[in-house]
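Working notes, beginning with the structure itself.
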Amino acid sequence: KCNFSIYFLLEVERKIRANDREYNLSFKYATNSIKTSKYNPFTFLPLNLFEQFQRIANAYFLFLLILQVHPFFSLFHNRLISEKWMNVQVGDIIKLENNQFVTADLLLLSSSEPLNLVYIETVCCEPPNNRLDRFTGTLTFDSQKYSLDNERVLLRGCTLRNTDWCFGLVLFAGPETKLMQNCGKSTFKRTSIDRLMNVLVLFIFGLLALMCIILAVGNGIWENHAGSKFKAFLPREENTVFSAFLTFWSYIIILNTVVPISLYVSMEVIRLGNSYYINWDRTMYHAGSDTPAEARTTTLNEELGQIKYIFSDKTGTLTQNIMTFNKCSINGKSYGDVIDHYSGQSLEITEEMTPVDFSFNRLADPKFLFYDHSLVEGVKLELPDVHAFFRLLALCHTVMAEEKREGDLVYQAQSPDEGALVTAARNFGFVFRSRSPETVTIEEMGIQRTYELLAILDFNNVRKRMSVIVRNPEGKLSLYCKGADTIIYERLHPSCSEVMKVTTEHLNEFAGEGLRTLVLAYKDLDEEYFSEWKQRHHESSVALEDREEKLEKLYEEIEKDMMLIGATAVEDKLQDGVTQTLEQLAKAEIKIWVLTGDKQGASLFNYEIQPFLYAICDVFFFSSQVISVVFIHIVSFFFQRDARLKMCPDTEQDKFLIPEIILGNTPKVVQDENVNGEYGLVINGHSLAFALESNMELEFLRTACICKTVICCRVTPLQKAQVVELVKKYKKAVTLAIGDGANDVSMIKAAHIGVGISGQEGMQAVLSSDFSFAQFRFLQRLLLVHGRWSYLRMCKFLRYFFYKNFTFTFVHFWYAFFCGFSAQTVYDEGYITLYNLVYTALPVLGMSLFDQDVNAGWSLEYPQLYVPGQLSQYFSKRAFMMCALHSWYSSLVLFFVPYAATYDTARDNGKDGTDYQSFALITETCLTVTVCVQLGLDLSYWTVVNHLFVWGSLGMFFILTFTMYTDGLYRLRPSSFAFIGTARNCLNQPNVWLTVALTAILCVLPVVVYRFLSSQISPTINEKVRYKVCQMKEPAPRPRRTRLTRRSTRRSGYAFSHAHGYGDLMTSGRFLRRNALTCSTGLIPTGRSPGFKPTGRSAGYSPVGREQNPKQKVEPTSLQMFRAVKDSFF
């Protein structure tokens, strides 16, 4: 037996007995059942109703339903058993097999490694929390203390690799696992149009109440003055107040069509259709990964047409997250460039160039490409520094190797950077073959050598380096280290100063090209000193207090006076079309903020960041780790006085906030400011933490919003979400977050629109997103085509729908003054039922699903077409009021023109033509024709479907009208079909058709005149582009394709991942030990290859000590001329 005591910061602990469910259940720990679905059978109804009633109109519809049904107004036990995940309990011991997902947070007990099973009885551990990087404890066994930390815990959601089986004790289950503790809550996202609709619906309710009050008062007055004269025809209520009360509620029912339920049904159909367009778009399909674009929600499509701010991850989102070994510096000599023998200039590397021939190495990776032949020549010449360089790359890492058959090596790396470096060493003759907890086996130029692995000093965000201590087959002890340049340089021996200067020049060149750089060093160790250091290391590793600090001191002690070997430069390949996409989005006035984990110094020079900083006059840098109030005030003063006042010298301090009142809330909104010039802002995570403080966030946001581009470096996932929330809180703008990894999930959930990229880092981002695809370049089509079309169509739909329904309803209002306010409808009951259901439903749906102002090609050619959506120009409170005024005017025309045309008239047969039924039919016909004509004016793109819907709806109106007004239906149900013969007697009169034509012309005339004058005096961007397209009379331009070349591209400057390394895991024995396959040598004898030419560029050094290529004078880049503003702490 052995007991675990894991101490928590608050001295609160969880007690668990292994395989004792009765004891563990007494603590009521959570089960392993989790729910990621939105609803369950019990919560579906209340939660769905709650979400539906976020739309105020739905409450109105429920009220109408209640009103209309009222009669007044009617109008385990020591054996292995198979078990489901959900039935796993805390304290259970479970067995996992290779490639299975970890079912819960487990304490690893044993694995298929040749280690003994650890039998335990009781465990004491910290309570559930969301800390993924820490788990500190101590195991006491036979009076010996053994350390327990995060490396002894398997977290739910991980996959077991390179291990046949393992046993683990369940520590946390279900919602208490660290994975679930880190999952943010999914919120119900609503579009800005939905929020605006709530405001407009409240206004409409007020307008409806006002109209009903006016008509109720009119009824009371009419009853007092003229009601007694109509007793023979209409039963009269003696109490005029009660009569007015009943009239009020009757008109509430009659006029409810101002907000019909079909409005929201149609909106959902339109959104569903536009979502299918995204799913069906073949141009957004990525054949390489067989991944189509997917709209994972159907409620946010039109929001895609209003994006103002994009928050983007960098690695894996803008880049492929596939690293390749690009350049290196070894003992002061630079390798990787291809030099022209005549001009001495570096050539651009293209696919047409001949790469290095690695056929001499049978174990080389055929996908690895390198173009500088001088480096492989140095390997073949057995230059000591070159061999030491690649030996370090083959030994100093935590990569796992799998060899399923002879020579077929597959590397599984903690980060793509490590995989790229080990692959480079493999191709240059230093092949990593296998590892065990105690050894690392490599092949050096065809000779297999096994090194004893004595210690791994692992990487973390503070150390920014990793080291391994090994003993070679000859018994020599060595420490190999790789890390960030500034960290390694502080720990070098003074004799390395000259080489360090030259290497620094190379690092600056690499960083200027945006490559991810790393410095390599080594140190020979004394056997006696190392034995004594190893003992102190063990004592520190089991210490209960200050364990990490003690270990760090030991690492600092041994990692000093190292000898510099050289530096590596890894390329993170840019995704296809990223530069073009960024340029297009910038032209669309979309501001892009990059939230990356890379360090600030290198991020600025990234190739993928260049389009962000194009034509920017000044870039302001904020970088400090000084945590003090003084520094906060310095930064605040700098923000307020220097940066912002330089950009906007005429801006007053108190004019950047404007009130925005929605439904009683009064949040502060930071308004956009005019900027003199183009500016960029680069800020690191430490400074960002200060800037996000409540007393500084407004100043920071105002300064950032003035800048064209903002780059946040070294930010945590939480900071990403905080930046998004800050913009959402104070900017009246729609935000979009795009990322590919689990660290982007919080940002994706926080933004109005979340986009996930299915890349190298799994599906976490995709599963949390609203839209997903495989490549960043598809974002421009998602926004500039699908988003813009969806927003334009939805706005046209709303404007037209309100117009046709307001017009329909207002005619009732005018008719009330001529019917004694008796709540009689002006239309036939059948027409009222079929108006929104049949006569006007399909035409507006056709417009909302198929309309285009310009096609996709021109939408991408002119990104400026996107700007009106950001400004909400197509549908706003002003547009709604214009629509209401147009409806009010049209209703006057639709009522009084037919009224005047039929007043005191006779038919051709001499009979009276002024009956109620004839007037109703003429008004219905005028209304139907008018709304169809108005829709025809609104349509920009006529398709066969649009023609079918418009003409079909008009035809259906006349067919159903003649059918419902026949004798046969009247005989079947006289009360429902009382307009017998009205269609035959009325629509055969010429004056009726003249009335219909006159009414339609008068209704649309103001629209035609207004649009003509506005297009001549102040044309919109849409009108300008459409006019230009018509003048050109050419087909839409084909999408531009990016020329694929491999060039000296600019990438990030630091090669390590941000997670804690796997060094302890490598030495713990908790993985399958795979011995290297016995094989023949993979290398041919060394020597110069045929046709060898030394084409690599040297930085003033050559193998024989002579200068080969004098360094050319390099002109400063535009970025180097940017103004860097720093405080005294930088």
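The values are calculated or read from the model by the stated rules, or taken from the named source; none is laboratory data. All values derive from a computational prediction rather than experimental measurement. Cβ atoms come from the backbone with ideal geometry, glycine included; neighbour counts cover every protein chain shown. The area values use the complete protein model at the heavy-atom level, side chains included, leaving out ligands, DNA and RNA. Shrake-Rupley method; radii C 1.70, N 1.55, O 1.52, S 1.80 Å.
Solvent-accessible area of Thr961, all protein chains in place: 0 Å² (probe radius 1.4 Å, heavy atoms, ligands and nucleic acids excluded).
Shape verdict for segment 817-919, please, from the Cα gyration tensor: rounded (a/c under 1.5), prolate (a/b greater than b/c) or oblate. Prolate. Could you pull the accessible area for Ile447 with a 1.4 Å probe, rounded to 10 Å²? Solvent-accessible area, nearest 10 Å²: 110 Å². Using only the Cα atoms of segment 488-569, build the gyration tensor, take square roots of its eigenvalues as a ≥ b ≥ c, and label the shape rounded, prolate or oblate: rounded if a/c is under 1.5, else prolate if a/b is larger than b/c, else oblate. It comes out prolate by the Cα gyration axes. Exposure check, 1.4 Å probe, all protein chains in place: Ile349 carries approximately 20 Å² of accessible surface. Among Arg152, Arg435, the order of accessible area from largest down is Arg152, Arg435, computed with a 1.4 Å probe on protein heavy atoms. Accessible surface for segment 271-376, divided over its residues, is 40 Å² per residue with a 1.4 Å probe.
Order the following by accessible area, largest value first: Cys212, Cys819. Probe radius 1.4 Å; ligands, DNA and RNA are ignored.
Ranked from most to least accessible, the order is Cys819, Cys212.
Computed on protein heavy atoms with a 1.4 Å probe, the accessible areas place Val755, Val241, Val1029 in the order Val241, Val1029, Val755, largest first. Computed from the alpha carbon positions, the gyration tensor of segment 801-852 leads to an equivalent ellipsoid with semi-axes of 28, 12, 5 Å, biggest first.
The separation of segment 537-592 from segment 823-880, counted between C-alpha centres, amounts to 52 Å.
When the Cα convex hull of segment 367-505 is projected onto planes of every orientation, the mean area is 9.7 nm². Among the trypsin sites (Lys or Arg not before Pro) found in segment 937-1039, those both in a DSSP coil and sparsely packed, with 16 or fewer other Cβ atoms within 10 Å of their Cβ, are Lys1033. Per-atom-type breakdown for segment 279-437 gives carbon and sulfur 49% of the accessible area (1.4 Å probe, protein chains only).
A full extension of the chain between Phe188 and Leu998 corresponds to an added length of 286.8 nm, given 0.36 nm per residue minus the alpha carbon distance.
Rolling a 1.4 Å probe over the protein heavy atoms gives segment 750-822 an accessible area of 21 Å² per residue.
With a/c under 1.5 counting as rounded, go ahead and sort segment 677-835 into rounded, prolate or oblate using the C-alpha gyration tensor (a ≥ b ≥ c being the square roots of the eigenvalues; past the cut-off, prolate if a/b is larger than b/c, else oblate).
Cα axes put segment 677-835 in the prolate bin.
For segment 911-977, the carbon plus sulfur part of the accessible surface works out to 68%, probe radius 1.4 Å. The Rg/Rh ratio for segment 960-1038, using Cα coordinates for both the radius of gyration and the Kirkwood hydrodynamic radius, is 1.35.
Around the Cα centre of segment 941-1026, unit charges on the Cβ atoms of Lys, Arg, Asp and Glu (plus for the first two, minus for the last two) sum to a dipole of about 80 debye. Note on Arg17/Arg195: beta-carbon distance plugged into 1/(1 + (r/R0)^6) with R0 of 56 Å gives a FRET efficiency of 0.60.
Computed from backbone phi, the HN-Hα couplings of segment 414-429 come to 4, 9, x, 4, 5, x, 5, 5, 5, 5, 4, 4, 4, 5, 8, x Hz, rounded to whole numbers (Karplus: 6.51 cos²θ - 1.76 cosθ + 1.60, θ = phi - 60°; Gly and Pro given as x).
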